[in-house]
Amino acid sequence: MGRLTEIATRISRGFDKLLPAEWSIEGSQYYRRVLLPTHLVGPLHVWDLGSGRFPMVSPALKASEGMHVTGLDLSAYELQAAPEGAYDASVAADATTFVGHGEADLVISHCCFEHLPNTEGGFRAVASILKPGGKAVIYMPSGNAVFARINLLMPEGVKRRLLGTLPDHGGKGGWPACYDRCTPKQFIKLAESAGLEVVELRPFWISGYFLPFPPVYVLWRIWMIAFRAVAGIEAAESFSMILRKPA
């Protein structure tokens, strides 16, 4: 079965060679390997929002840069399951109502905001955590993506079983998703209403959910081309944002 999935994935990726290169930049990998490392430099006070047992800053990087990392997650159990030394402090709290003390140089968040039932509260929390001049670097899937719409309709048990079989997921997903106003233009409005400046927003146009099914994948890509032509960045599969709290 694994061999068949590998062959099907290659066929699907072959179609993407017909599209511009930007259509094949996978957002989550870009965030973790390219975007985030450029900000994780120096003895920063970092808050990792929603990573739980999978912190975005490794203990080795934290030690080498002299960072202080605080983990904020709804689940105390998830925070306790993180690798030893990953967090210098941990806070088990609801990110939609949490109020910080304006002490962080950097807030990072990977695939968290789509799980918040009130993303407006999440942006207020970020603004309260950051000190003046501090930045937030976040990444999330878009609620306009086809997989997001399917996600909202599918029973949780079925979703968790399917996620474990998909490339680049490894069973790490499964938290209920809300996708509250989770689109690029809506997030720009929410960030600005929380008093944050939008320094950069980058859309991404690919995800791996349909890779094992080439006919479906090709139809989805054709849909994406048409959707982007009409809706622009609102058609993105996912997106990253760099925000700044005014000094």
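Some values worked out for this structure:
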| quantity | calculated |
| --- | --- |
| Residues listed by number, the range 26-66, amide nitrogen under 17 Å from LYS131 label point at 7 Å toward C-beta | 40-48, 66 |
| Per-residue SASA entry for PHE15, accessible area with 1.4 Å probe, Å² rounded to 10 | 40 Å² |
| Distant-in-sequence amide H partners of HIS45 (H built 1.01 Å from N, under 5 Å) | HIS68, ASP105, LEU106 |
| Spin-label model distance (nm) - HIS68 vs ARG33, 7 Å beyond Cα toward Cβ | 3.4 nm |
| Distance between modelled label sites at ALA76 and ARG181, nm, 7 Å Cα→Cβ extension | 3.1 nm |
| Separation in nanometres of the label points that stand 7 Å from Cα toward Cβ, at ILE25 and ASP94 | 3.7 nm |
| Answer label for Rg and Dmax of the Cα atoms in Å (calculated), chosen among (i) 18.8, 63; (ii) 20.0, 63; (iii) 18.2, 55 | (iii) |
| Rg [Å, one decimal], Dmax [Å, integer] - the range 51-151, C-alpha atoms | 14.0, 42 |
| For the chain, built as a Gaussian network whose Cα springs stay under 10 Å, the top-fluctuating residue of PRO20, PRO214, PRO141 | PRO20 |
| VAL146, VAL34, reordered so the largest accessible area comes first (probe 1.4 Å) | VAL34, VAL146 |
| Principal-axis tilt of helix 214-231 within the chain, Cα atoms, nearest 10 degrees | 60 degrees |
| FRET efficiency estimate (nearest 0.05) - Cβ-Cβ, GLU103 to ALA60, R0 30 angstrom | 0.80 |
| Count, lysine Cα pairs under 20 Å in the chain, 8 or more residues apart or across chains | 9 |
| Estimated FRET transfer efficiency when R0 is 22 angstrom, pair ALA8-ARG149 (beta carbons, to 0.05) | 0.45 |
| Beta bridges by DSSP in the chain, antiparallel share as percent, to the nearest 5 | 45 percent |
| Quotient of Cα Rg and 2.2 N^0.38 Å for the range 1-63, N being how many residues it contains | 1.61 |
| Contact order normalised by residue count of the chain, Cα under 8 Å, 6+ apart, percent | 22 percent |
| Contour excess over end-to-end distance, with Cα ends at LEU219 and ALA247 and 0.36 nm allotted per residue | 5.4 nm |
| Phi-based couplings in Hz for the range 189-202 (Karplus 6.51, -1.76, 1.60; Gly and Pro marked x) | 5, 5, 5, 5, 5, 8, x, 10, 8, 8, 7, 7, 10, 10 |
| Helix axis angle, 2-16 relative to the chain longest principal axis, alpha carbon, degrees | 90 degrees |
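The values are calculated or read from the model by the stated rules, or taken from the named source; none is laboratory data. Keep in mind that this is a model prediction, so the values were computed, not measured. Heads up, the Cβs are rebuilt from the backbone with ideal geometry, glycines too, and the neighbour counts pull from every protein chain shown. Keep in mind that these areas ignore ligands, DNA and RNA; they rest on the heavy atoms of the full protein, side chains included. Shrake-Rupley method; radii C 1.70, N 1.55, O 1.52, S 1.80 Å.
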